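See below for the structure under consideration.
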């Protein structure tokens, strides 16, 4: 009896979510304008990225501060294979998987030397790896021009599905779908795919091995878990999601440059996970959405607010935005280190850590 | 007149009440043992006595003064020293530096040196290994360092937490010899031990703790002969 | 041969600055087991405050010899940074002691961002030239040139590092610091106020950072709100290279990294047949870091840690 | 001649200047309980770490059930049939007791990332089997009542049992127990003794480190004594306990 009730409830929630997600771009577009639909598209990209990094950090407990490198690899792979830069124009169903595989390859490449590292050491090496990738992107325009250096790559092809370019407006069933709407649905489908992948992995033999690794790697090894493979799997799958998101970003933006892939971006994605609730998929999604939307809200609010109340710009909006971001990280960790929406298990871990600390203090 | 007077002590730890209102006392010059099963609350009791764990109720009077409100690092100044479980020596400090850490809160340099010589007389092994890193010593020697270090703080009461835990029988014997040597120096001690027989044999009085409560107390000899103690803790 | 000696000298200057900063990382890591991500920003603030003080004094027409002005600047910068270090520990780390590893790392990154943004508010986004208070007399040694200022930097760094080592190895405070780093709760039983020791560690590390910041700014004749990031990262690399938690290791690692970087920058073009230019200089630190951690994860002077099983 | 299960010879392990294991050799037969005693720092736990692949020995030979395991990785060692517990209990603290045991099944199951994502019938069946086996093992060691509790919240005795159940989940031929009775009172030790006998009777060979002399003498078929990284004695308990070298290095006068 309660079974069916639960199932009905689940189906209900699912339907409501599906309807909301289906009409979301139209609702947002008509109320706030298409610029905000674009922001939502970006939110979906960040959800994919955050879920990818969450496999590495949240599930397996491997602290990665250079995750953006895989996004970059995916983005550049798409850009180089679908732009006038090399005059190659391969279709997306080749370039996106290729970029993802390439990113996964880099994930494993990075993973291999750092297998023995833990915690902060791993964080700093991955950070270094991210920087190396960025420096190469920035400088590989001479003597052979591969990445076009700091200028980046322009005029990247939009994704074409069955001859229809997502870069243009199409009319369908009396509705006019602009490019940002079309990309919205594409991103949504892929995001749902990534969510399903992450959630199924979490509740599997592999997911348990990751938790074991996170909690006590020596005991995990002594239980017969192949530490090397399970770590590489986490790096590889995380990078794969990053690579997909990177390719999509490339096509959506039509332009890539090294500037988009700095350390701050890596930190931003890590912050999405931590502020959302590490290891908890709904929390990570919430964190990614919040950290994409809120800065945009701030961007549009801080300037006018100062003009209206103080009559002049006291503090540059970009400056204020970053200041608030930094403060938010600090305050959030002090007040709610487990994140906005943690899993029950994580919540317990943090409560224990806190109690231990209090007892020692 | 007792040196330590504990009344209705209660401690909660991680949502569980580990100590459920216990009373006990220790007189000057006594060696008292607290025995009990794992998780009975013995270590928690010791940690509470030196302020490492906050109590949730009850009173602890030490040397005539209530200890509530003393910051945890200041207990040693008041004459309460503890040798923690596993001895807690500083492995990367030399033997001498370890001993000096014991005298950290004191500034009577000349007197410290005199007492250090006294420790070296008591434990000649340590004199030989003065400049060696304490981590390279054997288990028995480390116990000497831990005891000597604690004595250098001039404690009125020395708490020993499971000194024999996980050690080879021959070392356990040595450790109890050391405990008796220190007792002979006139140091008051509270001993928490799994090895109930050895502990009761060297002590004057004993308390038995079971799931957060003291269930038996008395002369050590009486407890050694007690049927219930023999069955549950002495393995007879 | 001249290039070689020249690069070695450059590396020595750079390396002794890295070493000074690396000491700050390694001290904090030794005692708390965490990377003080905001340490690079302390270095930046040290440079910025010194510049502001000197500019302020000259602006108000105080007419003193250059070195005296610099000294006053540094004399203000050091306590400012010490205070900053103290505050960083109190705000970002103490409340999270004993918490999960990631939390303090995130607060540190957060503080780092806050400090950078505050620096933008105060000093702006542009490079700030270091006031022309010092002569850059050039001395030539075997065909390689070095300024008197750089010689002074090297000598100062070594003097400070020796002083620090003596403090840690020989004094009561140093002993308490070492004891706390090994086992804080037992150190507490000995009567050591662990909070005070940790604060002291941050404060001392920050003072070194302030001095290093001034050195960087004088050496490159400029300062920038973002200067702390890269130099902090490299200094941390140096600390890892030497074996983190080990003071001597930080010094050795810093100098070694400085020299490797200079030699790398000098020779990378000819090594790769012109494929990679000196704009890849920054890659060396990371390459070195990754290589060291692969082949000797505990660093050059670090003890080999047997995993406790 | 009994069937040899484990045979090591001339095992050396050095840490910097410390020679932790100096030419150690021993043979364990199928179905016995083999004890390992010695003073602290004698190399017992180091030997355990070598036997379970956590440390790579510098020299020697190491054969288990006909397989050469010299310098094998831990997962290979577990796959070949050696499982262990730890001196200071290393459970996955935030996982439930049941999940801890399920992790122990990892090496005997196959589902990969693709299977996990696709959730094909085979993967689901395997997952079901893992769960059932885990329940069975919790029942075997007698802690089904705390199956859903987080390992961290279990009592000390339950944690010890859970660690044994987790090790048994790997279907070991040899179960290596590192001081399982440390910190237990005589009553708890007796219960543990019964469990160890039951496991042995179930066909699993046991290698045991303990300081409880009485327990070792009662339980073990044979005992080896390590001192300063060397084996100084080996044999049946009655002989070992009377060996003057063992009395001098380990037992002391009281137990002779």
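The values are calculated or read from the model by the stated rules, or taken from the named source; none is laboratory data. Small disclaimer: the values here were computed from a predicted structure and weren't measured. Here the Cβ is made from the backbone with ideal geometry for all residues, glycine too, and neighbour counts use every protein chain on show.
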ask   = Identify, please: which residue in region D:96-119 is more than 16 Å from residue A:222 (Cα to Cα) and part of a helix (DSSP H, G or I) and is, among those, farthest from the other protein chains (Cβ to nearest Cβ)?
value = D:97
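Before we move on, is residue A:147 part of a loop (DSSP other than H, G, I, E, B) and surrounded by 15 or more Cβ atoms within 10 Å (Cβ to Cβ)?
For residue A:147, the condition - part of a loop (DSSP other than H, G, I, E, B) and surrounded by 15 or more Cβ atoms within 10 Å (Cβ to Cβ) - is met.
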key: Counted residues, region D:180-206 - those being crowded, with 20+ Cβ neighbours inside 10 Å, in a helix (DSSP H, G or I) and touching a strand residue (DSSP E or B) at 6+ places or on another chain (Cβ under 7 Å)   = 2
Residues of region B:137-165 satisfying the condition of being free of Cβ contacts under 8 Å to residues at least 40 places away in the same chain and out of contact with any helix residue (DSSP H, G or I) (no Cβ under 6 Å at 6 or more places or on another chain) = B:138
request  = With the condition kept exactly as written, say whether any residue in region D:138-147 is farther than 18 Å from residue D:188 by Cα and either outside any helix (DSSP H, G or I) or touching a strand residue (DSSP E or B) at 6+ places or on another chain (Cβ under 8 Å) (or both).
outcome  = yes
query = In region D:71-85, which residue that is surrounded by fewer than 21 Cβ atoms within 10 Å (Cβ to Cβ) and facing chain A (nearest Cβ under 9 Å) is farthest from residue D:9 (Cα to Cα)?
reply = D:79
key: Residue that is at pLDDT 95 or above and either farther than 19 Å from residue C:18 by Cβ or assigned to a helix (DSSP H, G or I) (or both), where the choices are C:205, C:232   = C:205
inquiry  = Looking for something in a loop (DSSP other than H, G, I, E, B), at the interface with chain A (Cβ under 8 Å from one of its Cβ atoms), surrounded by 18 or more Cβ atoms within 10 Å (Cβ to Cβ) and at positive phi - is there at least one such residue anywhere in region D:53-64?
reply    = yes
query = Taking region D:233-256 only, how many residues are part of a helix (DSSP H, G or I) and within 10 Å of chain B (Cβ to nearest Cβ)?
reply = 9
task = Give C:48, C:82 a once-over and let me know the one that is in contact with a strand residue (DSSP E or B) (Cβ under 7 Å, 6 or more places away or on another chain) and either more than 30 Å from residue A:215 (Cβ to Cβ) or more than 14 Å from every other protein chain (Cβ to nearest Cβ) (or both).
result = C:48
note = Among the residues of region B:157-204, the number that are more than 11 Å from chain D (Cβ to nearest Cβ), touching a strand residue (DSSP E or B) at 6+ places or on another chain (Cβ under 6 Å) and not in a strand (DSSP E or B) is 6
note = Given the conditions (1) over 12 Å from the mean Cα position of the chain (by Cα); (2) surrounded by 24 or more Cβ atoms within 10 Å (Cβ to Cβ), every one holds for residue C:61 apart from (2)
request  = Identify all residues within region D:207-232 that are within 14 Å of chain B (Cβ to nearest Cβ) and outside any helix (DSSP H, G or I); write none if there are none.
outcome  = D:209, D:210, D:211, D:212, D:223, D:225, D:226, D:227, D:228, D:229, D:232
ask   = Taking region D:102-129, which residues are under 26 Å from the mean Cα position of the chain (by Cα) and more than 22 Å from residue A:234 (Cα to Cα)?
value = D:129
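I'm trying to understand the selection: among the residues of region B:65-84, which are assigned to a helix (DSSP H, G or I) and in contact with a strand residue (DSSP E or B) (Cβ under 9 Å, 6 or more places away or on another chain)? Don't jump to the end; show me each part of the working.
Quick first cut of region B:65-84, residues assigned to a helix (DSSP H, G or I) only: B:72-78.
Matches in region B:65-84: B:75, B:76, B:78.
Residues B:51, B:88, B:29, B:39: which one is modelled with pLDDT of 90 or more, within 7 Å of another protein chain (Cβ to nearest Cβ), on the phi > 0 side of the Ramachandran plot and assigned to a loop (DSSP other than H, G, I, E, B)? Spell out how you get there, then give the answer.
Numbers: B:51 fails: within 7 Å of another protein chain (Cβ to nearest Cβ); B:29 fails: within 7 Å of another protein chain (Cβ to nearest Cβ); B:39 fails: modelled with pLDDT of 90 or more.
Testing whether each residue is modelled with pLDDT of 90 or more, within 7 Å of another protein chain (Cβ to nearest Cβ), on the phi > 0 side of the Ramachandran plot and assigned to a loop (DSSP other than H, G, I, E, B) leaves just B:88.
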